[in-house]
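Written out below as structure tokens is the structure these notes cover.
The values are calculated or read from the model by the stated rules, or taken from the named source; none is laboratory data. Note that the coordinates shown come from a computational prediction; the quantities given were computed from them, not determined experimentally. Positions of Cβ are backbone-derived with ideal geometry, glycine not excepted, and every protein chain shown enters the neighbour counts. With ligands, DNA and RNA removed, areas are computed over all heavy atoms of the protein, side chains included. Shrake-Rupley method; radii C 1.70, N 1.55, O 1.52, S 1.80 Å.
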Amino acid sequence: MSTPPRRWFKALRRDRLEEPCMKTHLLECMELLKRARAAFQAGRAFDESFRRVQLEALVRMLVEHECDFVDALGRDLHKTTTLDECLVVCEPLGVVLIVGAWCSPVQLCLVPMVGAIAAGNCVILNPSECSSHTSELLHHLIPSYLDNECYHVTLAGVNDLTEIVDLKFDHVFFTGNREDGGRVAQAAAHTLTPVTLVLGGGKNPCYVDQQCDITTTARRITWARFHNAGQSMVAPDYVLCHAEAKAQLLQALRCCLLQFYGSNPQESRSFGRIVNLENLHRTTDLLRRSGKVAVGGQVNEADKYIAPTILSDVIDSDPIMQQEVFGPVLPILTVNSIDEAISFISRREKPLCVYAYSSNNKVISRLMSETSSGSFCSNDSVLQSLMVVLPFGGVGASGMGSYHGHYSFDTFSHRKSCLLRNTCIECVTYLRYPPYEEHNLSLMTWASSLSQKSQGWCQIL
């Protein structure tokens, strides 16, 4: 066996010396991440005055150590400073893929499509295969009304999505469940395609305080949960009810269901049906293995019907609290304080929506500021997702990005930084050219201070 060359031993020795250094950096990063996450969870960076102080400190650092930064930039890059006028131009991204969900198939397809068209993009729309009649209608009508070169409809199934995304779009907008959204994001990552994901990944909590109008609260929760047979991404998924209000709330919910849908909801023209048998079987299995049925619970498979159902005595570990539920089932859990409710919500994945019913403004304020979610609404449900002046989207497990109104335009646009120059001020800008003397540096510093007072100017470092 031949002896390895000497340089091989040198490389091995160098690797062994560098390995502890790499582990040290990794341990340091782990500790820093732990500290930063603890600070964030404690709300340290949330206070507006705290942020202002930190930004002022950052500016002070740059001013007080200007010479140090100039020296460091010179050593690293021989970098200097220039002053220029700037503007931002919104340009379309290109060809975008919009994947709609079945629970509100028209809205969840056409609302993002409006934003994409307004921003100047070409669109391929993929409605959900589960809502087949609506999908077929969109497939038939859109070519008759919109340009056939720029706008198209495809009826690909969910199993084909990853292969479609691999075709390389300029943006992918997906609405649906977390599992499918994760696959779409992974496929898009291979081609560095940006994505917007609106997901039902976190269950939407609804806190009911002991200080609230029980009658109005019950009416609004009943409408939001059981509209469209509970098949909504923005409906309350479960109620966290203060112990002192539980009995009153249950009775008020029973009365609302009777008022809305009659003694036999299956005969009511106002009550919907489950989209398919797969979803019916899944929802039925979850409700039968969770809590205790307080209202409803009846199932008619032939009619794809599940009665509006309220579950009491539900606990966190019940199956219905572990999965997304697109059906007319409302679990009710009991808490003894606002602190317990906030803790419960914060332990779980970040939801698309958080709802709070209380006449106490401090309770509302705490739930809004001490929980994280895609959206928040007090003393009502769902309506915040319909306001075009508000962005709508998820955070964490409930997605990324947002849309609605001009936020849709922003989602489907690239904000291009532009610098427009002319040659009439060369008498000033010549200062950037070498050689760099003390006199030139003093003049550049003076010019920089003037530019900060002029609207429309920015400093490019």
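Within the stretch 241-258, does at least one residue satisfy the condition of being at pLDDT 95 or above, within 15 Å of V382 (Cβ to Cβ), out of contact with any strand residue (DSSP E or B) (no Cβ under 6 Å at 6 or more places or on another chain) and open to solvent by less than 70 Å² (accessible area, probe 1.4 Å)? Break it down into steps so the answer makes sense when it comes.
At the first step, the residues of the stretch 241-258 found to be at pLDDT 95 or above are 241-258.
Now restrict to residues that are within 15 Å of V382 (Cβ to Cβ): none.
No - not one qualifying residue is present in the stretch 241-258.
Return the residues of the stretch 259-306 that are open to solvent by 80 Å² or more (accessible area, probe 1.4 Å) and part of a loop (DSSP other than H, G, I, E, B); say none if nothing qualifies.
S263, R269, S270, R289, Q298, E301, A302
Go through the stretch 124-149 and report how many residues are over 16 Å from P112 (Cα atoms), part of a loop (DSSP other than H, G, I, E, B) and open to solvent by less than 50 Å² (accessible area, probe 1.4 Å).
Residues that pass the stated criteria total 1.
Are any residues in the stretch 408-423 hydroxyl-bearing (S, T, Y) and without any contact (Cβ under 8 Å) to a residue 12 or more places away in the chain, and if so, which ones?
Filtering the stretch 408-423 down to residues hydroxyl-bearing (S, T, Y) leaves 408, 411, 413, 417, 423.
Matches in the stretch 408-423: T423 only.
Please work out which one of (1) open to solvent by 30 Å² or more (accessible area, probe 1.4 Å); (2) of a type outside the set (D, E, K, R); (3) outside any loop (DSSP other than H, G, I, E, B) is the condition P112 fails and give its number.
Status for P112: all satisfied but (1).
Taking the condition at pLDDT 95 or above and farther than 13 Å from D237 by Cα, does V363 pass? Spell out the reasoning first.
Numbers: at pLDDT 95 or above: yes; farther than 13 Å from D237 by Cα: yes.
Taking the combined requirement at face value, the residue satisfies it.
So in the stretch 375-396, with the set limited to residues that are in a strand (DSSP E or B) and polar (S, T, N, Q), which one is farthest from the chain's Cα centre (by Cα)?
S378
Got at least one residue in the stretch 231-246 being assigned to a helix (DSSP H, G or I) and closer than 28 Å to T175 by Cβ?
No, that holds for no residue.
N121 fails exactly one of the following numbered conditions: (1) open to solvent by less than 80 Å² (accessible area, probe 1.4 Å); (2) modelled with pLDDT under 70. What is the number of that condition?
Among (1) open to solvent by less than 80 Å² (accessible area, probe 1.4 Å); (2) modelled with pLDDT under 70, the lone unmet condition for N121 is (2).
What is the residue count in the stretch 162-218 for residues that are over 29 Å from H242 (Cβ atoms), surrounded by fewer than 22 Cβ atoms within 10 Å (Cβ to Cβ), over 17 Å from the mean Cα position of the chain (by Cα) and not polar (S, T, N, Q)?
Counting residues in the stretch 162-218 that are over 29 Å from H242 (Cβ atoms), surrounded by fewer than 22 Cβ atoms within 10 Å (Cβ to Cβ), over 17 Å from the mean Cα position of the chain (by Cα) and not polar (S, T, N, Q) gives 10.
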